[in-house]
Amino acid sequence: MSLTNRDIAQIFENIADMLQIKGEVIHRVLAYRRAGEVIRELPRDLRALAEEGALTTIDGIGDTLAAKIVELLETGKLAFYERLAAEIPPGLVEVMRIDGVGPKKAKLFWERLGITTIAELEAAARASKLRDLPGMGAKSEQKIIEGIEALARRTGRVPLGTALPTAQAILERLTAMPGVVEGAIAGSIRRGRPTIGDVDLLIASEDAAPIMQTFVTLEQVARVLGHGPTKSSVELHNGLQVDLRVLSEARWGTALSYFTGSQAHNIRLRELALKRGLSLNEHAFSPVDAAGTIIEDAPKILCATEEEVYATVGLPWIPPELREDSGEIEAAQAGALPALITLADIQADLHMHTTWSDGTLSIRDMAEAARARGRRYIVITDHSHYSTIANGLSVERLLQQQEEIRRVDADMGPDFRVFHGVEMDIRSDGTLDYPDEVLAQLDFVIASLHFSLRQERSVITQRVLNAICNPHVDLIGHPRGQYIPDREPADLDMDAIFAAAREHGTALEINANPRRLDLEAQYARRAVHLGIPLAINTDAHSAEQMDLMHFGVLTARRGWVTAASVLNAWPVDRFLNWVRSRR
């Protein structure tokens, strides 16, 4: 059995959960959990790194974990995991996905009632067998049932494109209330992760009660999970859990930093604080003695801003998107944090569709909509004829479209340009949809995978390499073909893709549609490191979809991307010179 990075990441994450149920020390649990997270987002194939003897160069992977990775790669199994699974039923990991069931309760249900699956837990709860266990009761039992029902409504982590607008709508309602000084979305949304577990909201106010009451009675709320004086949790009708905390303005910076995370980043901040004789939590810095014990009568350091938090541990402020303990602490210490790209840097959109294929607006209407959003130039890139389901363009229709694009470009005036491109299919057999003599007549060419995405690695990789090596192909669109959360990315050899893109000067896309976000952040970061240009595009099929650009910018920021590396952050003359020079 050939294991992928994601398979190995899942095994390590399962080990972390099982060790937590077992009651192992938290540092051992965190070591496996952190390894799973790093491997899941790794931009290179573990097998290639193992062959190079470079596994220990991965952040968080020492000799012990490297040996376990090698064992998994070579045998498809891990003796340690199998021994652990014989001791702790793996089904308990799934049980812990239920809201309100942590490792202690999962262990309690298993040891007292032999429960090892969600189905067994549900049967026991409905038979009133949980209420007499230590720490349980009728209400706790009913919450378990409700948690199981809520889990059944979920399809897993929620796409950022669903979670962020939901969080923004609730925050907007709450921050409009009297007495609210400040409000923010924290957690993995603020860090721009492509999928979200729960939503974390923070409000600064000295009067929490009316805010909490409004929050738990919002029309989006399906049920209230908890309602306290400064913290409440609700489940929305879409299954998303939202946690709200209200705190004083004086503690805003510490709380915002803490609840933004990530856990690994927060641990590093706490370590830096300890070196300065301080203990850091979500409330404040507290002086500690030589043994690390908090000095109770010593004055605490409150931080009203995140900048104060970072300054207290000797660092400049670190953008939320970088807070994954992936080198940002070291970069901050060295004064080498990148000037991350912003939405204001975006001057163009190089990937969009019109009524010529499967879009909803004409070329002129798309151009007007883009100009209204502050763009300086666009490329119209309707589908090629292999995409029959998308009304793809034959050669004849493609050349007819060029005439209309030239007219619209002339009508828009000198301060806004409209260029003619295409999103061309990379066919299942590896050929491209148009001959070179047709491609040579276009201003910009995107090649994308849309079909046969489950082909073997060598086959589908070669398809992309064929496109990269074609001198008329400027950009590979949504390179890995993922569609969150329904479709896993294609099994591409990304080392080979990066090597070819670098050799041929072909750009790679960060598709801003939140169902794609492809390239993912870790691959964008590697592309920038290798000097491969990127483009952040909306792939818009309507005017409204042009407003998705910020999701792509978030992903780019997570990948340490600066404006200098992004084609559509360049002025039009520089963009055109780049296209002409590579042809």
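The values are calculated or read from the model by the stated rules, or taken from the named source; none is laboratory data. Keep in mind that this is a model prediction, so the values were computed, not measured. Cβ atoms come from the backbone with ideal geometry, glycine included; neighbour counts cover every protein chain shown.
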Is it true that Thr354 is within 27 Å of Asp573 (Cα to Cα), in a loop (DSSP other than H, G, I, E, B), in contact (Cβ under 8 Å) with a residue 24 or more places away in the chain and of a type in the set (Val, Ile, Thr)?
yes
**Asked** Is it true that Leu171 is outside the structural domain of Leu225 (by TED's automatic domain parsing), without any contact (Cβ under 8 Å) to a residue 40 or more places away in the chain, buried (at least 18 other Cβ atoms within 10 Å of the Cβ) and outside any strand (DSSP E or B)?
**Response** no
Of the listed residues (Leu548, Leu492), the one being assigned by TED's automatic domain parsing to the domain that holds Val445, more than 26 Å from Gly430 (Cβ to Cβ), out of contact with any Leu (no Cβ under 7 Å at 6 or more places or on another chain) and aliphatic (A, V, I, L, M) is Leu548
Checking Glu330, Glu321 in turn, the sole residue that is surrounded by 20 or more Cβ atoms within 10 Å (Cβ to Cβ) and closer than 30 Å to Pro43 by Cβ turns out to be Glu321
Among (1) closer than 28 Å to Ala163 by Cα; (2) touching a strand residue (DSSP E or B) at 6+ places or on another chain (Cβ under 8 Å), Asp486 falls short only on (2)
Of those in the stretch 258-298 that are assigned to a loop (DSSP other than H, G, I, E, B) and without any contact (Cβ under 8 Å) to a residue 12 or more places away in the chain, the residue farthest from the chain's Cα centre (by Cα) is Asp297
Among the residues of the stretch 299-322, the number that are under 24 Å from Gly187 (Cα atoms) and part of a loop (DSSP other than H, G, I, E, B) is 11
- Query: Quick check: anything in the stretch 431-448 among the acidic types (Asp, Glu), touching a Phe, Trp or Tyr at 6+ places or on another chain (Cβ under 6 Å) and at pLDDT below 95?
  - Reply: yes
Note on the stretch 573-582: residues over 22 Å from Leu340 (Cβ atoms) and buried (at least 16 other Cβ atoms within 10 Å of the Cβ) are Leu576, Val579
For the stretch 280-315 the number of residues that are surrounded by fewer than 15 Cβ atoms within 10 Å (Cβ to Cβ) and either among the aliphatic types (A, V, I, L, M) or in the same structural domain as Arg557 (by TED's automatic domain parsing) (or both) is 6
Original post:
Any chance the stretch 46-53 includes a residue that's closer than 27 Å to Lys107 by Cβ, without any contact (Cβ under 8 Å) to a residue 24 or more places away in the chain and within 26 Å of the chain's Cα centre (by Cα)?
Top reply: no
(request) Looking only at the stretch 404-418, decide whether some residue is assigned to a strand (DSSP E or B) and surrounded by 23 or more Cβ atoms within 10 Å (Cβ to Cβ). (result) yes
Being touching a residue at least 12 places away in the same chain (Cβ under 8 Å), within 30 Å of Arg487 (Cβ to Cβ) and either buried (at least 22 other Cβ atoms within 10 Å of the Cβ) or in contact with a Ser or Thr (Cβ under 7 Å, 6 or more places away or on another chain) (or both) narrows Ile189, Ile211, Ile203 down to just Ile189
Just one listed residue, out of Ala273, Ala298, Ala304, Ala284, is closer than 20 Å to Glu182 by Cβ and either in contact with a strand residue (DSSP E or B) (Cβ under 8 Å, 6 or more places away or on another chain) or not hydrophobic (A, V, I, L, M, F, W, C) (or both), and it is Ala284
So, Tyr483, is that one assigned by TED's automatic domain parsing to the domain that holds Thr355, more than 17 Å from Met352 (Cα to Cα) and at pLDDT 95 or above or not? no
Worksheet item: If you go through the stretch 209-216 one residue at a time, do you hit one that is among the small types (Gly, Ala, Ser) and modelled with pLDDT under 95?
Response: no
